1. Could I have the simple spin-label model distance between B:Ser3 and B:Val131, label points 7 Å from Cα toward Cβ, reported in nm to one decimal?
2. Mind listing the phi-derived Karplus ³J(HN,Hα) values for region B:152-167, rounded to whole Hz, using 6.51, -1.76 and 1.60 with θ = phi - 60°, and x for any glycine or proline?
3. Please list, in order along region B:28-42, the HN-Hα scalar couplings obtained from phi with the Karplus expression 6.51 cos²θ - 1.76 cosθ + 1.60 (θ = phi - 60°), rounded to whole Hz, x for Gly and Pro.
4. Which cross-chain or sequence-distant (5 or more) residues have an amide H under 5 Å from the amide H of B:Tyr139, H modelled 1.01 Å from N in plane?
5. Put a dot 7 Å past each Cα toward the Cβ at B:Asn187 and A:Asp283; how far apart are the dots in nm?
6. What's the FRET efficiency of B:Leu149 with B:Thr55 using the Cβ-Cβ distance as r and R₀ = 25 Å, to the nearest 0.05?
7. With respect to the cross-link table entries B:Lys166/B:Lys190; A:Lys142/A:Lys285; A:Lys194/A:Lys317; B:Lys61/B:Lys84; A:Lys305/B:Lys110; A:Lys194/A:Lys214, which display a Cα-Cα separation exceeding 21 Å?
8. With labels modelled as points extended 7 Å from the Cα through the Cβ direction, what inter-label distance (nm, one decimal) is found for A:Val310 paired with B:Phe64?
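We did not get these values from a lab; they are worked out from the coordinates using the rules stated. In this text, all values refer to a predicted model and were calculated from it rather than measured experimentally. Every residue, glycine as well, gets a Cβ built from its backbone with ideal geometry; the counts of neighbours run over all protein chains shown.
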Amino acid sequence: MKLLGNVTENQRPLLWLLGTIVVLSFFPVFIKATYWLHISVIVGIYIILATGLNMLTGLTGLLSIGHAAFFGIGAYASALLAIKLNLSFWITLPIAGIFTGFAGLLLSLPCLRLKGVYLTITTIGFGQIIYTIFVEWREMTKGPMGLTGVPSPKIGNFVFGSQGVYFYLVLVFAALLVLIAWQIEHSVIGRGMKSVRDDEIAAEVSGVDSAFYKKFAFTFSAVYAGLAGSLYAHYFRFISPDSFGPDFSTMVLMMIIIGGLGSIPGSIIGAVIVAILPEALRDFKSYQMIIYGLMLVVCMIFLPKGLVSVFGNIYEKIKYKLNGTKMKSESTNINN
Amino acid sequence: MGSLQILIQQIIGGLAIGSMYALVALGCALIFSGMKVVNWAQGEFYMIGAFTALTAYVTWKWPFIFAFLFSVGVMFIVGTIVEKVTIDRVRESDHLTLLMITIGISIFAKQVAILIWSPIGAVFPTIFGDVPFQIWGVYIVPQNIYVMLIGIVLMIILYVFLFRTKMGMAMRAVSQSREIAGIMGVNTKKMDMLTFGIGICLAAAAGIIMAPLTYIEPMMGVTVGIKGFVAAVIGGFGNLFGAVLGGIIIGIIETTSAFFISSGYKDAVVFSILIVVLVFKPQGLLAFSKGKKN
């Protein structure tokens, strides 16, 4: 890692991130097909969602299968504010995030008392309650018909209307949010969350306030889902309850597990795979989703630790081959 | 007609739906206690069971009882094969991996059903009659009574199998301690296949007896599967009697709230009550009878 020799451990992800943004920002220049730009916008939104859920399920060990509810709350809050109050995207987005954060905090309160499947069932129940409200509160949400005419974001006269332009917006948000999640994972809070996951009693004994970390994890991942929902609503400009049902909750969970639980790169890989795989299988027509389900099962059987474990192993091997001797000397230095 | 009669009618309807949920939940609880797997595909097997019976009953014109047995038998075989090729290979993984595998199975199963039976769905003809008869001012639909009776019969068969036969004892032994059961000469792999097969059979049976009361379509399993899982959990996960109790409670809450509050919001009511119950009894309703905390 001579290239990054002068950079401290904390600044490294920032550089990676800037590099990724720079590389990815050329994407719309080369790829003109709106179809693939559309897919990459969705990938960006999924990355935000998966990163958020990863903080809750991967780092804190609280399995949630109701994440579509937060995504939906964010989307509906944002869309309703924009339609009914004519607020601009730059106001609806943070409000949607804060509002969803409160919903997450609210859900965390009963969850503090619960463990394992009981906690999971509460998140599933929450998902169902919110889904039912989306369908039934017709005066507000227009029920199964959905909300139409959500305005596109704009700055002055510049409208983020086309896929190519929206791509940059999502890219910036996704990169920023991933960076924040990364920093939190490697901070005191992240270590606190991991300690709650690994052994809650031991963590409590060591003075870790597990209730705080659980509340924080729920709120944090809800805010992420809310922001993703807001971006989703202003991109599609149409939302209906179908997008926020139990199937979507399992899909978000799928992203973080396929990628690798508890790892931010894993969440990103998982989000990319879950978004792109159905499109790549489009040639199989009606067998598309069958193969998708099969691949999921096969992937879990052969890679129970997620795809990131494969990349991780390769990376470790290359690193070892490149500077195997150097690593040895470094470690002796530390010991001395 | 007084409101008491209406309430009784709703409760009878709730008992019918509840015994269906109880069967799905029993399957869930059986699989969880025996194999430590949360089976997310339970609802899909409920749906495929109903469709298989529909094919046998309507297309091939078999008598209902044969269609029922055929479908349950097919689902048993499917269940054992699914267990053998998927879960058995990753026995040692954590429960999230196993959950993910069952989610994959549920996606697969839904799409296969769409391919075979079309996404539109079908109407299952009435078997037990849907003309209500009246007793003391209460209108009762015969179907509801039959659903309840078949549910009870199946539960009794399961009880006898689990608590009165050697194989059932072996299954319970595996659920208590896999290692010790293995040492004592129980073939744990075979028991896993059997457990999964029976768990899925129960879901399929619930699907078949419920099919004449509802319209059947490939997506119908999603909510039923979730509610079956919920029923299994509120009774105290892994506790078979709790699963039956949980199923019946959910059925009754669902029909009464549909009538007295709103049919659209019934799911929200069911799950709100569930969350409140869990806050006050975090280990499930029958947790006290288990003696140890998990």
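1. It is 3.3 nm.
2. In residue order, the calculated couplings are 5, 4, 4, 5, 5, 4, 4, 4, 4, 4, 6, 10, 10, 10, 5, 5 Hz.
3. Values, residue by residue: 4, 5, 4, 5, 5, 6, x, 10, 6, 10, 8, 8, 6, 8, 3 Hz.
4. For B:Tyr139, no residues qualify.
5. Going from the A:Asp283 label point to the B:Asn187 one covers 4.4 nm.
6. Numbers: r = 25 Å, r/R0 = 0.98.
Calculated value: 0.55.
7. Working: B:Lys166/B:Lys190 14 Å; A:Lys142/A:Lys285 32 Å; A:Lys194/A:Lys317 26 Å; B:Lys61/B:Lys84 32 Å; A:Lys305/B:Lys110 26 Å; A:Lys194/A:Lys214 11 Å.
The pairs that break the limit, which is 21 Å between Cα atoms, are A:Lys142/A:Lys285; A:Lys194/A:Lys317; B:Lys61/B:Lys84; A:Lys305/B:Lys110.
8. For the pair A:Val310/B:Phe64, the computed spacing is 5.1 nm.
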